[in-house]
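Novice: Sharing a structure below in structure tokens format, with a few things to ask.
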């Protein structure tokens, strides 16, 4: 019996790793959030698929663990990477309630690196990833992390920047960052990474503050050295190229 926790990548099958594909082929049951299961439904028509809606993560993980404990080969699928805001940690926590089983985490391409590739090279130096969703993390904690990252001059990648209930969270985040960062800081965003309707834009932090975004958008905020190079967002690693003066 085994549970494989599989990162599907950001969108299309082009960004699914060979290891992830093999893990799904070796499983007889695939479990996941409805949107993610729908992404692979046509690729694995012979598999049994079980999906649950948003905010049913605990029930989803328990169902997958129970099926694995019963002797089945189960794959829990996550968008991007299963260990980056995915189900890997929760599955390990809940596995304590089941008989010992093999649990394998299969890495995937997370939105931070997939979106960075679209924009250019914004994460070439030290960076921090912060989710603006306060469903599981209090906003005060998120705000303190944003402030610390800005003062330390990290480049930033922001997940879950907005939703219908959190329509002003990106603006609030930008206001925190603007206390330490130049309004002209080079930023960018990518919406629907590797999916139909993908769109991206490079802009300043001041412009980003008023930019409408949604849950399918990943936001990138440069450090003090990030520059616009031939229309692409580039954070220098520190080589002597003359880019930063």
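Novice: Looking only at region 68-87, which residues are over 16 Å from residue 1 (Cα atoms) and surrounded by 22 or more Cβ atoms within 10 Å (Cβ to Cβ)?
Specialist: The initial filter retains those residues of region 68-87 that are over 16 Å from residue 1 (Cα atoms), namely 77-87.
Listed by number, the residues that qualify are 77, 78, 79, 80, 81, 82, 86, 87.
Novice: Check every one of the strands (runs of 3 or more DSSP E) wholly within region 137-245 and list those with 1 or more residues that are in contact (Cβ under 8 Å) with a residue 60 or more places away in the chain and either under 21 Å from the mean Cα position of the chain (by Cα) or closer than 25 Å to residue 8 by Cα (or both). Break it down stepwise before answering.
Specialist: Values: elements: 155-159, 186-191, 199-204, 217-221, 227-229, 232-234.
Answer list for region 137-245: 155-159, 186-191, 199-204, 217-221, 232-234.
Novice: Suppose we filter 209, 151, 191 for residues that are assigned by TED's automatic domain parsing to the domain that holds residue 229 and under 22 Å from residue 16 (Cβ atoms); which single one remains?
Specialist: Working: 209 fails: under 22 Å from residue 16 (Cβ atoms); 151 fails: under 22 Å from residue 16 (Cβ atoms).
That would be 191, the only listed residue that is assigned by TED's automatic domain parsing to the domain that holds residue 229 and under 22 Å from residue 16 (Cβ atoms).
Novice: Oh, and also: Give the number of residues within region 17-54 that are free of Cβ contacts under 8 Å to residues at least 40 places away in the same chain and surrounded by fewer than 19 Cβ atoms within 10 Å (Cβ to Cβ).
Specialist: 20
Novice: Please determine whether any residue of region 90-110 is modelled with pLDDT of 95 or more, in contact with a strand residue (DSSP E or B) (Cβ under 9 Å, 6 or more places away or on another chain) and closer than 18 Å to residue 211 by Cβ.
Specialist: No: zero hits.
The values are calculated or read from the model by the stated rules, or taken from the named source; none is laboratory data. The structure presented is a predicted model; accordingly, all values stated were derived computationally and were not measured. Quick reminder, even Gly has a Cβ in these numbers, built from the backbone with ideal geometry, and neighbours come from all protein chains shown.
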